[in-house]
Amino acid sequence: MTKTILFCMAATLLFACNKTEGPGGTSSITGFVKSQNHESARVEISEVLFTQGLSVEHGDYWVLNNPIGAEQFYIYYDNPTWPSDTDPGLTGRTGIAVEFNYSDSNVEIASNTMDEIETEASDHYTLTRNVDIVTITNKATGETANADKVTSPFEISTTQSGKSALIETIQPAIDEKVYLIYGDNDVFGELERTGGNGEYIFNNLTQGSYTVYCVSKDIASGLTTTISETVEITANKTIVTAGEIQIFN
């Protein structure tokens, strides 16, 4: 008798001792899960390591880009001791002139360049400086060509490539976890994995209400969420098909 009471207490914690909801019956729930790979849009982030003025030639330039269709830029260097025009006049781009002297330090070249870009293109970029390294973050997301040093002596690297949002074709979700909740419980009671066609099945279920769910990526926030379907088993020895679950990875 004591063993029976203890067993019922344990069962109460798991399934509320509800004989109309939970495992141990003769019915099944089946369904399919499909998935789409989703990549969120990203901004381009570039880092420029500047040299001292002695390494810069009058007329050196480099290019800074935005997504296709937006304004594109080039940054060129003008030494006032030289009388010649240094603007390369690149078609389809806006030029940003930076005045320099051969005696300028690498930090001065970095600071002056940052100031000019902020003055002329603050609508397009956010800039920060750490000594002689300037980080340039595009404000617009989308496919963006990498910044290029062209004739300048500076080292330019891309720390994040600009990308447009990408949603791929819907495919069967293979080996995806599917969770089963009994009735109004807050925690899942069983776990299955999908097969090669995205199918799953939970067996040995009694009459009652169930919820099946999968974990999905929330494409708005990038965080995780759940996609669920509620199923009702109303008779023994039946196979109930849940609605198709579509998730994002």
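We did not get these values from a lab; they are worked out from the coordinates using the rules stated. Given the structure is predicted, the values throughout are model-derived calculations rather than measurements. Cβ coordinates were reconstructed from backbone atoms using ideal geometry, including for glycine residues, and neighbour counts include every protein chain displayed.
Compactness ratio of region 98-155: Cα Rg over 2.2 N^0.38 Å, N = residue count? Provide the component values of the computation, followed by the final result.
On the way: Rg = 12.3 Å, N = 58, 2.2 N^0.38 = 10.3 Å.
For region 98-155, the normalised Cα radius of gyration comes out at 1.19.
Calculated mean residue ellipticity at 222 nm for the chain: -4000 deg cm²/dmol, from DSSP H runs with n ≥ 4 weighted as -39500 (n - 2.57), summed, divided by the residue count and rounded to 500.
Each residue in V56, V150, V43 was given a count of other beta-carbon atoms within 10 angstrom of its own, and listing them fewest first yields V150, V43, V56. Which shape class, rounded, prolate or oblate, goes with region 68-125 when its Cα gyration tensor gives a ≥ b ≥ c as root eigenvalues, a/c under 1.5 marks rounded, and past that a/b bigger than b/c marks prolate? Judged from the Cα gyration tensor, region 68-125 comes out oblate (a/c at least 1.5, b/c at or above a/b).
When the expected Rg is taken as 2.2 N^0.38 Å, what fraction or multiple of it is the alpha-carbon Rg of region 43-164? Kindly include the intermediate steps, with their values, before the conclusion.
Values: Rg = 13.6 Å, N = 122, 2.2 N^0.38 = 13.7 Å.
Expressed relative to 2.2 N^0.38 Å, the Cα Rg reads 1.00.
What shape does the chain take by its C-alpha gyration tensor, where a ≥ b ≥ c are the square roots of the eigenvalues and a/c under 1.5 counts as rounded, a/b above b/c as prolate, and the rest as oblate? The shape class here is prolate. Working note: Karplus 6.51/-1.76/1.60 with θ = phi - 60° gives region 237-245 the couplings 6, 10, 10, 9, 9, 7, x, 5, 9 Hz, where Gly and Pro are set to x. Considering only H124, W62, G189, the residue lying farthest towards the positive end of the dipole of the chain is G189, judged by Cα position with unit charges set on Cβ.
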